[in-house]
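The values are calculated or read from the model by the stated rules, or taken from the named source; none is laboratory data. All values reported here derive from a predicted model rather than from experimental measurement. Don't worry about glycine lacking a Cβ; one is built from the backbone with ideal geometry, like all the others, and counts go over all protein chains shown.
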There are 2 protein chains.
Amino acid sequence: MTPTITAFERSPDGGKGLARDTRVRWALEEVGQPYEVRLVSFQAMKEPAHLALHPFGQIPTYEHGDLALFETGSIVLHIAEHHAGLLPRDANARARAISWMFAAVNTVEPPILELATARILESDKPWTRERLPLVMDRIRDRLKQLSAHLDDADWLDGTFSAGDLMMVSVLLRLRASGILDEFPGLSAYIARGEARPAYKRAFEAQLAVNTR
Amino acid sequence: MTPTITAFERSPDGGKGLARDTRVRWALEEVGQPYEVRLVSFQAMKEPAHLALHPFGQIPTYEHGDLALFETGSIVLHIAEHHAGLLPRDANARARAISWMFAAVNTVEPPILELATARILESDKPWTRERLPLVMDRIRDRLKQLSAHLDDADWLDGTFSAGDLMMVSVLLRLRASGILDEFPGLSAYIARGEARPAYKRAFEAQLAVNTR
């Protein structure tokens, strides 16, 4: 039986790989698990059938037999727990990799989401031009700390893990901002993620949907 | 051997239980695991010894033997994985509970963090008064969806789990805003969390630190 995920019928980013289904596709590709994709329109995402799968009306979701999950982080963790390749076998290293998954979504991503909100939902507001540099500085604070931790290592904690998959995915949202140019170590880290064959396959798969 | 967590020497909230160590204390109390607390000053949080434990210079951290973890979500998950009481035994229900943990920190908490940022870091900015209602509306959108999912159930997915522990903790940050009064179902849900003996013990323990 093959799991089924949901993705945007038409991603707002036009196929840059920033929609969250790319994170799940990447995890599935890393572990070699084939999957089906069901595309959903923005209208369908707000309807009862989809809300029963995802209470917040978003993508991706994950269905496998009797199990239905939402939230990218938990879907990636579920995949990592059931296949080799995304979490270390050593119990302590495994727990640390999960720390990095949460750090990606709860410490690094929030100011990045704030930037997206300012740019998209508040783009027409009179304060946005003056406010954006403050938001950028809050992102910079996090990137400095992350960069200091990474130092000259390839990955956040030894070998590549679901923690790196989540962190690279979160950082990719910053590419258009130009802020990554200030952090060559993080840029190289992101490039290592993108160079993984599994990432490339995931990226191509989501691109194919958005360039039909 | 007893695990050691870190907490603010003096919490910015003065003991309202909103600092993230309360979430970890609550989890430890739910499973009946005694713990030690090491208090850290704001200055010590930015020094190398603490940064080696927490790359982003925050609290809480968790040390147990050779293992050192950071990020509240992952610490709570680690506790839940190693003791009975915070995750269902059924594999599918367990995965769904973890979905709710991620939903708490990556879907519900980001707009709440944005409100805190607006109120604290941008309190002196000329746009904040006009901008706050927009931030509140984004929180409202999430609360409506969460409230619709919860309906008249006691907990998010059957029995109380680490997902509820994280969600109630995130929602508690909204108490001072008054917005919770618009959502009686969620207010009752939070009250059920606060009524748990384990929560009360966790709250009292953090309060004792902040009222020395």
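Name the residue that is farthest from B:L156 (Cα to Cα), counting only residues in the stretch B:72-90 that are at the interface with another protein chain (Cβ under 8 Å from one of its Cβ atoms) and of a type in the set (G, A, S). Per the criteria, the residue is B:S74.
A:D152 meets the conditions (1) closer than 21 Å to A:R23 by Cα; (2) in contact (Cβ under 8 Å) with a residue 12 or more places away in the chain; (3) outside any helix (DSSP H, G or I) in every case but one. The failed one is (1).
What about A:L69, is it within 8 Å of another protein chain (Cβ to nearest Cβ) and over 17 Å from A:S147 (Cα atoms)? For A:L69, the condition - within 8 Å of another protein chain (Cβ to nearest Cβ) and over 17 Å from A:S147 (Cα atoms) - is met. For B:V31, the criteria (1) of a type in the set (V, I, T); (2) out of contact with any Asp or Glu (no Cβ under 9 Å at 6 or more places or on another chain); (3) crowded, with 17+ Cβ neighbours inside 10 Å hold in every case but one, which is (3). Annotation: B:A97 fulfils all but one of (1) among the hydrophobic types (A, V, I, L, M, F, W, C); (2) out of contact with any Asp or Glu (no Cβ under 9 Å at 6 or more places or on another chain); (3) within 12 Å of another protein chain (Cβ to nearest Cβ); (4) crowded, with 23+ Cβ neighbours inside 10 Å; the unmet one is (2). The number of residues in the stretch A:7-52 that are basic (K, R), over 20 Å from A:R175 (Cβ atoms) and part of a loop (DSSP other than H, G, I, E, B) comes to 2. Scanning the stretch B:125-171 for residues that are aromatic (F, W, Y) and within 11 Å of chain A (Cβ to nearest Cβ) yields one hit, B:W127. Evaluating B:P126 against the criteria (1) surrounded by 15 or more Cβ atoms within 10 Å (Cβ to Cβ); (2) outside the structural domain of B:Q33 (by TED's automatic domain parsing) leaves one unmet condition, (1).
How about the stretch B:53-66: which of its residues are assigned to a loop (DSSP other than H, G, I, E, B) and more than 9 Å from chain A (Cβ to nearest Cβ)? B:L53, B:H54, B:I59, B:P60 - these are the residues of the stretch B:53-66 that are assigned to a loop (DSSP other than H, G, I, E, B) and more than 9 Å from chain A (Cβ to nearest Cβ). Scanning the stretch B:45-63 for residues that are surrounded by 15 or more Cβ atoms within 10 Å (Cβ to Cβ) and either at pLDDT below 95 or over 29 Å from B:A195 (Cβ atoms) (or both) turns up B:M45, B:H50, B:L51, B:L53, B:H54, B:P55, B:F56, B:G57, B:E63. All of (1) in contact with a His (Cβ under 7 Å, 6 or more places away or on another chain); (2) in contact (Cβ under 8 Å) with a residue 12 or more places away in the chain; (3) assigned by TED's automatic domain parsing to the domain that holds B:H149 hold for B:A103 with one exception: (1).
Of the residues making up the stretch B:138-148, one or more are hydroxyl-bearing (S, T, Y), free of Cβ contacts under 8 Å to residues at least 60 places away in the same chain and surrounded by fewer than 21 Cβ atoms within 10 Å (Cβ to Cβ).
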